[in-house]
């Protein structure tokens, strides 16, 4: 089945450690996104990528890094510089260009990161 | 600046009641898109509907209906005869032509009890 796969679903890390969250899609979508969700705060955009080898910072990019070496993969690294990393992280993708339904995002089931 | 406000943090209703989720948006763009997404307990957000700024027709899909009013900058979502399976967090979102990504509201948590 086509969709977005995020792993791991749950992750624990100690303070000072970097951690990488995986996001893979087999929908052949050009655009991919990372959102962070905190209780009562909605979703906030961390990074997005419209095309392979290109990505832009979102509203809360500090302390995070991404790469987009392949169309189907958009991993997110939470670095030790991120001061409050405990959150629920959601990856999404969308079609771009002609025929796209503007703004229709397809989401993964998320990764819950807890810093101990 | 773009902003989406969902003033209702949590709503609890009994099954078969109708419920309306409010969404108010702010933007200076004349072309924009409004969305509703549903987040069930499993975590992934599911797209429900999109409306563009030039289409103020109300939309009905089964038990779901949406009321878009530019005069009040609102895009409200009504569930008729609610069911337990409607329990989820619902997000309203806004996208303008000047931005690539969606701006989400903080969400409304809906609990439908038997």
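Could you say whether any residue in segment A:5-23 is over 30 Å from residue B:8 (Cβ atoms), surrounded by 13 or more Cβ atoms within 10 Å (Cβ to Cβ) and at the interface with chain B (Cβ under 10 Å from one of its Cβ atoms)? Taking every residue of segment A:5-23 in turn, none turns out to be over 30 Å from residue B:8 (Cβ atoms), surrounded by 13 or more Cβ atoms within 10 Å (Cβ to Cβ) and at the interface with chain B (Cβ under 10 Å from one of its Cβ atoms).
Can you name the residue in segment B:50-62 that is within 14 Å of chain A (Cβ to nearest Cβ) and assigned to a strand (DSSP E or B) and is also surrounded by the fewest Cβ atoms within 10 Å (Cβ to Cβ) among such residues? I'd like the intermediate steps shown before the answer.
Narrowing segment B:50-62 to residues within 14 Å of chain A (Cβ to nearest Cβ): B:50-55.
Pick out the ones that are also assigned to a strand (DSSP E or B) and you get B:50-52.
Working: B:50: 18, B:51: 18, B:52: 14.
Looking at the filtered set, the residue picked out is B:52.
Among the residues of segment B:89-114, those identified as within 13 Å of another protein chain (Cβ to nearest Cβ), within 15 Å of the chain's Cα centre (by Cα) and either under 13 Å from residue B:27 (Cα atoms) or in a strand (DSSP E or B) (or both) are B:89, B:90, B:91, B:92, B:93, B:94, B:95, B:102, B:103, B:104, B:108, B:109.
Looking only at residues of segment B:12-32 that are closer than 18 Å to residue B:84 by Cβ and over 14 Å from the mean Cα position of the chain (by Cα), we find that the one that is nearest to the other protein chains (Cβ to nearest Cβ) is B:12. A single member of B:82, B:65 is part of a strand (DSSP E or B) and either under 23 Å from residue B:1 (Cα atoms) or more than 10 Å from chain A (Cβ to nearest Cβ) (or both), and it is B:65. Taken across segment B:33-49, residues that are buried (at least 16 other Cβ atoms within 10 Å of the Cβ), within 14 Å of chain A (Cβ to nearest Cβ), part of a loop (DSSP other than H, G, I, E, B) and free of Cβ contacts under 8 Å to residues at least 40 places away in the same chain do occur, with at least one present.
All of the numbers you see were taken from the coordinates with simple rules; none came from a lab. Just so we're clear, the structure is a prediction, and the values are computed from it rather than from any experiment. So basically every Cβ, Gly included, is an ideal-geometry build from the backbone, and we count neighbours across all protein chains shown.
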